[in-house]
């Protein structure tokens, strides 16, 4: 049996896509001959019994790891009862260690656009660069991300393993009172995700205005991020009649998120880059048509089950939304294709391939 120290830090914050990826993998690994030792880098997170923690603030650790190979993971993941074979950083960062290491990378947005991300993210990318330079193996969640990683790191050992589809909880009959008051009774086009630059939401607002779909609303559900000022500016440009049909909900809990996806007329995912795209698969599973961009991993995840369009072309995005809303034949095709497509992404398959990667990396370390 292999013992793998896995970073469970994503499970202790907001329910992001990386949190879903980490939870899905850990649940699936339970069906394999793998012992998991959970660890977190956060000094403040409230953790479960048995979760290891680095004994200094994450900000200090990241600054150290960007330049030095100290403090090593060995010091806080190993003990007399757990001889760890490998360390898996599930969220772009893996600590230095004398043990073999794997780091999961979902997209290369921060590597490609360092000026558009927070300074903390830029610091994490410095750690990622050093980890790869010192021998960490990279898990990429899509072929698109693997290609970008190989462009940034030509000598890196990169292995692509798609993530699985994580189903939403069963939707409630009605949304929470707050969400119900915001959304009202109109049919709605839905966008899900943090309001950050790569989600391309200001362009979606302009495309929705261009589409001018009678009696429909645009609902944008997600926490505030670095593109909220640009989104507000795009909203301020709208004709008041159209502006009244755009709803920004803020962050929603899992129950309301499930209600929104299952009750949307169309899900629109116009991102400038994505490493996977859980909302696309969630919409497929819910029988909701999807309009998405041609950026990043989206085409390889969506296949022919979504209407795909250039994320930088407002008119084409508007036309795609109209097509998905008004063309009954196309809607039926998309719904049928989506239900088939979601079956191609399972956590059982992802975990089987990840275990094979674990074994390969450990065996390579022994041979070297």
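The values are calculated or read from the model by the stated rules, or taken from the named source; none is laboratory data. Keep in mind the model is a prediction, meaning the values are calculated, not measured. Note that we place each Cβ from the backbone using ideal geometry, even for glycine, and neighbour counts take in every protein chain shown.
Quick grid of which residues meet (1) part of a helix (DSSP H, G or I); (2) within 16 Å of the chain's Cα centre (by Cα); (3) under 23 Å from residue 173 (Cα atoms); (4) free of Cβ contacts under 8 Å to residues at least 60 places away in the same chain:
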position	(1), (2), (3), (4)
235	yes, no, no, yes
261	yes, no, yes, no
271	no, yes, no, no
291	no, no, no, yes
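Inspect the stretch 150-163 for any residue being surrounded by 22 or more Cβ atoms within 10 Å (Cβ to Cβ) and in a loop (DSSP other than H, G, I, E, B) and give the result as yes or no.
Of all residues in the stretch 150-163, those surrounded by 22 or more Cβ atoms within 10 Å (Cβ to Cβ) come to 163.
Going one step further and asking which of them are in a loop (DSSP other than H, G, I, E, B), we end up with 163.
Yes, because at least one residue in the stretch 150-163 is surrounded by 22 or more Cβ atoms within 10 Å (Cβ to Cβ) and in a loop (DSSP other than H, G, I, E, B).
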Quick test of your reading of the structure: residue 103 fulfils all but one of (1) assigned to a helix (DSSP H, G or I); (2) surrounded by 20 or more Cβ atoms within 10 Å (Cβ to Cβ); (3) touching a helix residue (DSSP H, G or I) at 6+ places or on another chain (Cβ under 6 Å). Name the failing condition by number.
(1)
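Working only within the stretch 239-249, note down all residues that are outside any helix (DSSP H, G or I) and out of contact with any strand residue (DSSP E or B) (no Cβ under 7 Å at 6 or more places or on another chain).
Passing the criteria: 239, 244.
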Outside any helix (DSSP H, G or I), modelled with pLDDT of 95 or more and in contact with a helix residue (DSSP H, G or I) (Cβ under 9 Å, 6 or more places away or on another chain): which single residue out of 174, 209, 191 fits that description?
191
Check residue 38 against each of (1) exposed (fewer than 15 other Cβ atoms within 10 Å of the Cβ); (2) within 24 Å of residue 359 (Cα to Cα) and name the one condition it does not meet.
(1)
Just give me the residues in the stretch 63-82 being at pLDDT below 95 and buried (at least 16 other Cβ atoms within 10 Å of the Cβ), in sequence order.
71, 72, 73, 76, 77, 78
